[in-house]
Amino acid sequence: MTSKGGGRVPGAARHGQAVVNVASAERYAIDFTADADPGVYLLHCHDVNHVTNGNFYPGGMLTGLVYESVTDSDVFARLREYAGYEG
Ligand SMILES: [Cu+2]
């Protein structure tokens, strides 16, 4: 992470990690290199109740990192439909 609570994390204190625990009212900034296989990658809370809206998945604290090269794929179209996007 590069910042925590608005304060910059010094370079020497940064380290690679796959999961960042974020408590209520906390905020973090992260940097990452998007060099994986092109696709759709979800960024989400690991508390199941937090990735729903009114008990319906997906929702809440869930977002996606989408490589531009897959935005015209069938998989991405189905994902958008599943998530309730139109058009
Ligand atoms: Cu959560």
Restricting to Cα pairs under 8 Å and 6 or more apart, the percent relative contact order of the chain works out to 21
Largest-first principal axis extents, alpha carbons of the chain, Å: 43, 33, 19
Note, region 3-12: 3J(HN,Hα) by Karplus (6.51, -1.76, 1.60, θ = phi - 60°), whole Hz, Gly/Pro = x, goes 8, 9, x, x, x, 6, 8, x, x, 5
Residue-averaged 222 nm ellipticity for the chain, from DSSP H runs of 4+ at -39500 (n - 2.57), nearest 500: -3000 deg cm²/dmol
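In percent, how large is the relative contact order of region 17-61, given Cα pairs closer than 8 Å and 6 or more residues apart? Kindly include the intermediate steps, with their values, before the conclusion.
Values: 20 pairs, mean separation 8.6, N = 45.
Taking the mean separation of contacting Cα pairs over the length of region 17-61, I get 19 percent.
Rule-based calculations on the coordinates, nothing more; no lab input. Keep in mind it's a predicted model, so treat the numbers as computed, not measured.
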